[in-house]
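The values are calculated or read from the model by the stated rules, or taken from the named source; none is laboratory data. All values derive from a computational prediction rather than experimental measurement. Every residue, glycine as well, gets a Cβ built from its backbone with ideal geometry; the counts of neighbours run over all protein chains shown.
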Amino acid sequence: MIGMREHLRFNMQIGKDKPFTIGNHKVECPFCDRSRLVDILEDRHPILYLKNKFPVLEDTYQTVLIETDTCETELSVYPREHLHAVVGFGVAKWLEMARSGEFASVVFYKNHGPNSGGSLRHPHMQIVGLNRVDYRNNVRDQDFQGLVIAAEDGVEFNLSTHPRMGFTEFNVLLRDLSRIDRMAEYIQVAAHYALHHFHATCTSYNLFFYEWGGGIAAKLIPRFIVGPLFVGFSIPQVTNRLDEIRETLQERYFREQE
Ligand SMILES: [Zn+2]
């Protein structure tokens with residue numbers, strides 16, 4: 001029998017004051033004017049790490065990693081050096097919090113685009129310590145299994161054969177932390193493919209990190225309106241074009257390097 005799922009409580013009073021630069025009722029981007037940001041935890045210009053000003057999740061410690069001082073750029077097009085810096089810094093801060101022993105678990109994720117559930121366009125990630133909920137209870141080995149697109153010692157890039165939600169999910173599995181730069185590059189390929197070569201209507205994705213199997217896993221999910229079979233019945237779907245998508249990715253991003 002499956003146990004009761006743990007819920008996080010969303011604070012509506014704080015939620016109603018949250019600024020949006022995606023969708024309706026747009027405001028000036030709060031991450032562009034750094035002079036007005038408070039509760040800075042670490043400044044590694046242009047990366048800035050701070051407490052979330054609108055902590056809508058009760059029983060948590062919410063932090064934000066602003067990736068750059070440029071509003072209109074995106075992880076999928078960062079120069080390699082900046083890509084390595086952002087992912088390396090984010091993973092370091094996430095693991096630091098996870099290993100502090102202060103939380104049941106710590107989630108690390110990123111939203112991009114109107115269908116991602118995010119509220120601010122400016123490229124950023126979130127690291128949130130959960131006092132009571134352990135996300136690992138909701139994760140399974142099969143979430144990270146897939147057709148290998150590319151692999152090197154200690155790091156693998158695959159296409160999910162058993163997506164958590166569907167229909168197409170990309171996994172990057174890191175077993176050797178010293179290969180984190182390569183992990184960042186695989187993540188960038190997945191993001192770039194999702195936004196530029198996947199589906200004409202794809203403008204959004206989520207990126208999630210997990211401590212899993214003695215290493216780190218990242219999952220990038222291109223986002224569309226969520227299908228009713230998943231919403232109502234938790235039945236995920238998988239695309240019937242897995243081989244074709246893998247072939248396209250290999251051809252476009254990896255063939256010439258072989
Ligand atoms: Zn901005």
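Among the helices (runs of 4 or more DSSP H) confined wholly to the range 176-258, which include 3 or more residues that are aliphatic (A, V, I, L, M) and touching a residue at least 24 places away in the same chain (Cβ under 8 Å)?
Values: elements: 180-193, 228-233, 242-249.
Passing ranges, in order: 180-193, 242-249.
Just name the residue that is farthest from Glu72 (Cα to Cα) out of those in the range 117-150 that are among the small types (Gly, Ala, Ser) and away from the ligand (no atom under 16 Å from the Cβ).
Here is the first cut: in the range 117-150, the ones among the small types (Gly, Ala, Ser) are 117-119, 129, 146, 150.
Filter once more, so that each one left must be away from the ligand (no atom under 16 Å from the Cβ): 117, 129, 146, 150.
Numbers: Gly117: 18, Gly129: 28, Gly146: 32, Ala150: 29 Å.
Ranking the qualifying residues of the range 117-150, first place goes to Gly146.
When the range 137-152 is examined, which residues are found to be touching a Gly at 6+ places or on another chain (Cβ under 9 Å) and surrounded by fewer than 22 Cβ atoms within 10 Å (Cβ to Cβ)? It would help to see each step written out before you state the result.
At the first step, the residues of the range 137-152 found to be touching a Gly at 6+ places or on another chain (Cβ under 9 Å) are 137, 141, 144.
Listed by number, the residues that qualify are Asn137, Asp141.
Being within 16 Å of the ligand (Cβ to nearest atom), modelled with pLDDT under 95 and of a type in the set (Phe, Trp, Tyr): is that true of Phe20 here? First the steps, then the outcome.
Values: within 16 Å of the ligand (Cβ to nearest atom): yes; modelled with pLDDT under 95: yes; of a type in the set (Phe, Trp, Tyr): yes.
For Phe20, the condition - within 16 Å of the ligand (Cβ to nearest atom), modelled with pLDDT under 95 and of a type in the set (Phe, Trp, Tyr) - is met.
Taking Gly101, is it in a helix (DSSP H, G or I) and either over 16 Å from Phe208 (Cβ atoms) or polar (S, T, N, Q) (or both)?
On the way: in a helix (DSSP H, G or I): no; either over 16 Å from Phe208 (Cβ atoms) or polar (S, T, N, Q) (or both): yes.
Answer is no for this residue.
Among the residues of the range 72-81, how many are of a type in the set (S, T, N, Q) and either touching a His at 6+ places or on another chain (Cβ under 8 Å) or outside the structural domain of Lys93 (by TED's automatic domain parsing) (or both)?
Here is the first cut: in the range 72-81, the ones of a type in the set (S, T, N, Q) are 73, 76.
The next check asks that each one be either touching a His at 6+ places or on another chain (Cβ under 8 Å) or outside the structural domain of Lys93 (by TED's automatic domain parsing) (or both); those that pass are 76.
Here the count works out to 1.
Determine whether the range 69-90 contains at least one residue that is of a type in the set (D, E, K, R) and closer than 30 Å to Arg132 by Cβ. Don't jump to the end; show me each part of the working.
Initially, the range 69-90 is screened for residues of a type in the set (D, E, K, R), giving 69, 72, 74, 80-81.
Add one more test, that the residue is closer than 30 Å to Arg132 by Cβ, and what stays is none.
Checking the range 69-90: not a single residue is of a type in the set (D, E, K, R) and closer than 30 Å to Arg132 by Cβ.
If I ask for residues that are over 15 Å from Gln237 (Cα atoms), in a strand (DSSP E or B) and small (Gly, Ala, Ser), which ones from the range 144-169 would you list?
Ala150, Ala151
Restricting to the range 23-64, name every residue that is out of contact with any strand residue (DSSP E or B) (no Cβ under 6 Å at 6 or more places or on another chain), more than 16 Å from the ligand (Cβ to nearest atom) and at positive phi.
Within the range 23-64, His25, Asp59 meet the criteria.
Suppose we filter the range 35-71 for residues that are hydroxyl-bearing (Ser, Thr, Tyr), in contact with an Asp or Glu (Cβ under 6 Å, 6 or more places away or on another chain) and either more than 14 Å from Lys93 (Cα to Cα) or outside the structural domain of Met97 (by TED's automatic domain parsing) (or both); how many remain? Outline the logic, then answer.
Just the residues of the range 35-71 that are hydroxyl-bearing (Ser, Thr, Tyr), to begin with: 35, 49, 60-61, 63, 68, 70.
Subsequent filtering for residues that are in contact with an Asp or Glu (Cβ under 6 Å, 6 or more places away or on another chain) retains 49.
Next, from what is left, pick out any that are either more than 14 Å from Lys93 (Cα to Cα) or outside the structural domain of Met97 (by TED's automatic domain parsing) (or both): none.
Looking only at that region, the number is 0.
Considering Val38, Val87, Val56, which residue is among the aliphatic types (A, V, I, L, M) and surrounded by fewer than 17 Cβ atoms within 10 Å (Cβ to Cβ)? Write out each step before concluding.
Numbers: Val87 fails: surrounded by fewer than 17 Cβ atoms within 10 Å (Cβ to Cβ); Val56 fails: surrounded by fewer than 17 Cβ atoms within 10 Å (Cβ to Cβ).
So the residue among Val38, Val87, Val56 that is among the aliphatic types (A, V, I, L, M) and surrounded by fewer than 17 Cβ atoms within 10 Å (Cβ to Cβ) is Val38.
From the list Arg80, Arg44, Arg99, Arg121, which residue is touching a Ser or Thr at 6+ places or on another chain (Cβ under 8 Å) and charged (D, E, K, R)?
Details: Arg80 fails: touching a Ser or Thr at 6+ places or on another chain (Cβ under 8 Å); Arg44 fails: touching a Ser or Thr at 6+ places or on another chain (Cβ under 8 Å); Arg99 fails: touching a Ser or Thr at 6+ places or on another chain (Cβ under 8 Å).
Of the residues listed, the single one that is touching a Ser or Thr at 6+ places or on another chain (Cβ under 8 Å) and charged (D, E, K, R) is Arg121.
Rundown of residues vs (1) surrounded by 21 or more Cβ atoms within 10 Å (Cβ to Cβ); (2) touching a Phe, Trp or Tyr at 6+ places or on another chain (Cβ under 9 Å), yes/no style:
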{"position": "Lys110", "(1), (2)": "yes, yes"}
{"position": "Gln126", "(1), (2)": "no, yes"}
{"position": "Asn131", "(1), (2)": "no, yes"}
{"position": "Tyr135", "(1), (2)": "no, yes"}
{"position": "Gly154", "(1), (2)": "no, no"}
{"position": "Phe157", "(1), (2)": "yes, yes"}
{"position": "Gly166", "(1), (2)": "no, yes"}
{"position": "Arg175", "(1), (2)": "no, no"}
{"position": "Ser178", "(1), (2)": "no, no"}
